[in-house]
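Take a look at the structure set out below.
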Amino acid sequence: MTMKEDSFPRQQLETEFARPEESPFDALASAYDAWFEDEGKIVFVIEVKAFQKVLPLLPKPWLEVGVGSGRFAQALGIKMGIDPSSELLTMARKRGIKVFQAKGEERFFDEETFGTIFLIVTLCFVDSPLAVLQEAYRILRPGGKIVLGLMLRDSPWGRFYSAKKDERHRFYKHATFYSYEEVTELLEHTGFAVEKFVSTLFQKPNEVKAMEPPREGFFSDAGFTIVVARKVPEGDHKASRERPMRI
Ligand SMILES: C[S@@+](CC[C@H](N)C(=O)[O-])C[C@H]1O[C@@H](n2cnc3c(N)ncnc32)[C@H](O)[C@@H]1O
């Protein structure tokens, strides 16, 4: 498939903003986006710096699934995104991102369309992480990459936000946090081979005061973990797909 980033079928372009379905993020959109101007300002810069470590490795075209208000897409140079929240998509569009209203589980794009798919703090909010990863696998080109930005459950930040979920916090009640083992198992089961980890945000939640450099590799005390995984050809990962999942 040699489809160019800006040459999607007419039928897909027409679905932009054409679907009235409500997302829990619609009502939270302004508050969500405002966080980046407030306490999230330095956290965002730290996380963007960590992503910059992996960007040169990633084949184009790029898509962000769960693009939200488009802050990361804009900062990282991701030109296209999908998200179920029309309110967030309106913001992302104003940031110059080409957006479509869709869930990551949906068969929205043709197979083998993208070189890289990003899911940035989104896997924990989707209905079915397995279905989203399977769909990402389908629409990635051979040798394509998936990039996950995660707050892992057993990290200091994962524990902090899990406590907020338990308190029925307006955002985090919608989240399900996964452990390092669960994420790697999900990726391998879907047909991805993990290639690289980058870790950052070693400062504690509510105590982030200074910039910090990202570290290569996985560190369980990092608040934010980036995973890069490669699409393994179908025939080569059959065995891991047939193994039952523990989650
Ligand atoms: C925490 S926000 C992250 C947004 C953006 N990636 C960022 O980091 O600013 C989670 C996003 O996941 C989106 N989302 C929820 N369910 C989804 C699904 N099934 N497929 C794709 N995105 C989904 C939400 O609408 C929201 O924009």
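Just so it is clear, none of the values below were taken in a lab; they were calculated from the coordinates. This one's a predicted model, so the numbers in the text were calculated from it and none came from an experiment. Glycine gets a Cβ as well: all are built from the backbone with ideal geometry, and neighbour counts include every protein chain shown.
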For this session: Filter region 103-121 down to the residues that are under 21 Å from A27 (Cα atoms) and crowded, with 22+ Cβ neighbours inside 10 Å, then identify the one that is farthest from the chain's Cα centre (by Cα).
Result: G104
Seminar exercise, completed: When every residue in region 132-143 that is of a type outside the set (K, R) and surrounded by fewer than 19 Cβ atoms within 10 Å (Cβ to Cβ) is compared, the one nearest to the ligand (Cβ to nearest atom) is Q134
Exercise. In the set R215, R230, which member is over 16 Å from the mean Cα position of the chain (by Cα) and either touching a residue at least 12 places away in the same chain (Cβ under 8 Å) or surrounded by fewer than 19 Cβ atoms within 10 Å (Cβ to Cβ) (or both)?
Worked result: R215
Exercise. Would you call E111 within 10 Å of the ligand (Cβ to nearest atom) and either closer than 28 Å to K231 by Cα or in contact with a Cys (Cβ under 9 Å, 6 or more places away or on another chain) (or both)?
Worked result: no
Seminar exercise, completed: Residues of region 176-210 being surrounded by 18 or more Cβ atoms within 10 Å (Cβ to Cβ), under 15 Å from the mean Cα position of the chain (by Cα) and assigned to a loop (DSSP other than H, G, I, E, B), in sequence order, are F177, Y178
Problem set entry | Residue tally, condition assigned to a loop (DSSP other than H, G, I, E, B) and not aromatic (F, W, Y), over region 211-230 | 9
Seminar exercise, completed: Out of (1) in contact with a strand residue (DSSP E or B) (Cβ under 6 Å, 6 or more places away or on another chain); (2) away from the ligand (no atom under 11 Å from the Cβ); (3) over 27 Å from M211 (Cα atoms); (4) part of a strand (DSSP E or B), the one I146 does not meet is (3)
Exercise. Is one or more of the residues making up region 121-131 near the ligand (Cβ under 10 Å from one of its atoms), more than 20 Å from R230 (Cβ to Cβ), of a type in the set (V, I, T) and in a loop (DSSP other than H, G, I, E, B)?
Worked result: yes
